[in-house]
Structures are given as structure tokens and as C-alpha cells.
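Chemist: Structure incoming, see below.
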Amino acid sequence: MTPETFVEQFGHDKASAILRTNDQEKAAKAMDAAIRGGFRIIEFTLTIPGVFELVQDYSRREGLVVGTGTVMDADEARRSVESGARFLVSPVVDEQVIDAASELGVACMPGTHTPTEMLRAHRAGAQLCKLFPSPHGGPDWVRAVLGPMPWLKIVPTNGVDLHNAGTWIAAGAWAVGFVTPLFAAADIAAGRWDAIEERAAQCMAAVTKQA
């Protein structure tokens, strides 16, 4: 999968499931629930124990596109791609990570919070801009930024839930990422996988209405 193909698919699916937890076994069960609920683009943060094993496993499954999050340097980028990641996400703009993604042939989505950071990331070669953290104004902020820079592909993650996801998409967001509102810590701790699956289906329905 080329970076361009990934960007196209992300723009079609409109959503990714982003998981951050401290238990490898529960991470797998939680992500399985999200997949059953309809997610096909999934992201494991590198803070998860055994994360590269998870990436390797899920990247072999047909119909899934796997990425890693909290990628902070070129070595983490390389290990992610060697394990099967097809996109790399970072909480900040780091040209070394963007360059590494380009050299490795995968898409990159650095974290950006201002129009200046978004333009910097775009000019450095990033295909997508993760909006992090969520700015005051939310969807209206995205709409305002896209006015003068319509070529940006903005992907909000922080602050996105099933109730406002459609509004972000309607404002022009390329896609959205669901984190805690999908993977509630209490549900993961208690093993309530059915609750995560149900919420995943609701999240996908929310973005599909605007697709």
C-alpha cells in the first residue's frame, strides 16, 4: 500500500480506531471488538506492551490497515514499518520522523495544533495533519483553516466522539480518529468487549452519514 493509497482509503472510511492501554492481551481483545464494530483502519500506540507483536499480527489480517502512534524518532518508525505498519502517527511535527516515513514508503500524520504547524508538516512531506490537541472552536476551526489552505488533510483525534464526529467531517476534516470515547478505560479493565463493539458500530455510523 502506497502512502497515496492509504490517504485515499482513509478519506473513504473516514475513521480510525486508536488504542492506548497498558495490557497487550486486553489491547488485542479491545481492538478485535472495534474491528467487529466496523473499523478497518486501526492504530496501536507504541506505549502498549508488546506493540510490535500486535502490529505484526494485525497487519497480516485481510482487509485491515495498521498504523502506529506516538512515533517519536526514526528508529521507532523503522521498527513500526518492519512489523507491518502502513502509516505513522506522532503527537508533534518532527521532520526526522516525516523523512523516515518517506524513506520507508509509508504515510505520515504528525500532530499539529496551529495553521503554521500544519503548513510546516505539509511542506516537510506529511500527507496528513493530526489535529492535536483539540482547539477551541472545534469543527469551526477546521473550516476556517481549510478556507485559505484547502489542500490540507486534517484529521482530528482528541475530543472526537460519536456525537460530534459527523460535525467534524461536515466541517471538512479528511477523517477522524476515535480514542478514549471508543476505548473507554473502564470497559477495557472490566473486559466489556461487547460495549466497545457496540460503540464502534455507532462511531462508524456517525461518520458514514457524512461520507
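The values are calculated or read from the model by the stated rules, or taken from the named source; none is laboratory data. Source: prediction; values computed, not measured. For neighbour counting, all protein chains shown are included, and Cβ atoms are generated from backbone atoms with ideal geometry for every residue, glycine included. Side chains included, ligands, DNA and RNA excluded: accessible areas come from the protein's heavy atoms. Shrake-Rupley method; radii C 1.70, N 1.55, O 1.52, S 1.80 Å.
Chemist: If I filter segment 9-19 for residues that are open to solvent by less than 10 Å² (accessible area, probe 1.4 Å), touching a residue at least 40 places away in the same chain (Cβ under 8 Å) and in a helix (DSSP H, G or I), do I get at least one hit?
Modeler: Yes: segment 9-19 contains one or more residues that are open to solvent by less than 10 Å² (accessible area, probe 1.4 Å), touching a residue at least 40 places away in the same chain (Cβ under 8 Å) and in a helix (DSSP H, G or I).
Chemist: Further question: Among the numbered criteria (1) in a loop (DSSP other than H, G, I, E, B); (2) more than 28 Å from residue 137 (Cβ to Cβ); (3) in contact (Cβ under 8 Å) with a residue 60 or more places away in the chain, which one does residue 34 miss?
Modeler: With (1) in a loop (DSSP other than H, G, I, E, B); (2) more than 28 Å from residue 137 (Cβ to Cβ); (3) in contact (Cβ under 8 Å) with a residue 60 or more places away in the chain applied to residue 34, the lone miss is (1).
Chemist: Still on this model: Return the only residue of 93, 65 being touching a residue at least 12 places away in the same chain (Cβ under 8 Å) and under 22 Å from residue 138 (Cα atoms).
Modeler: Selected residue: 93, the only one of 93, 65 that is touching a residue at least 12 places away in the same chain (Cβ under 8 Å) and under 22 Å from residue 138 (Cα atoms).
Chemist: Given the options 93, 97, 81, name the one that is over 20 Å from residue 129 (Cβ atoms) and either in a helix (DSSP H, G or I) or open to solvent by less than 70 Å² (accessible area, probe 1.4 Å) (or both).
Modeler: Testing whether each residue is over 20 Å from residue 129 (Cβ atoms) and either in a helix (DSSP H, G or I) or open to solvent by less than 70 Å² (accessible area, probe 1.4 Å) (or both) leaves just 81.
Chemist: Which numbered condition in (1) assigned to a helix (DSSP H, G or I); (2) of a type in the set (D, E, K, R); (3) surrounded by fewer than 17 Cβ atoms within 10 Å (Cβ to Cβ) is the only one that residue 62 fails?
Modeler: Checking residue 62 against (1) assigned to a helix (DSSP H, G or I); (2) of a type in the set (D, E, K, R); (3) surrounded by fewer than 17 Cβ atoms within 10 Å (Cβ to Cβ), the one that fails is (1).
Chemist: Hey, among 39, 6, which residue is touching a residue at least 60 places away in the same chain (Cβ under 8 Å), part of a loop (DSSP other than H, G, I, E, B) and under 13 Å from the mean Cα position of the chain (by Cα)?
Modeler: Only one candidate passes the filter, namely 39.
Chemist: OK, next. Please verify whether segment 126-144 includes one or more residues that are of a type outside the set (Phe, Trp, Tyr), at positive phi, in contact (Cβ under 8 Å) with a residue 12 or more places away in the chain and surrounded by fewer than 15 Cβ atoms within 10 Å (Cβ to Cβ).
Modeler: no
Chemist: Counting only residues that are over 18 Å from residue 61 (Cα atoms), out of contact with any Asp or Glu (no Cβ under 8 Å at 6 or more places or on another chain) and not hydroxyl-bearing (Ser, Thr, Tyr), how many does segment 22-47 have?
Modeler: Of the residues in that region, 3 qualify.
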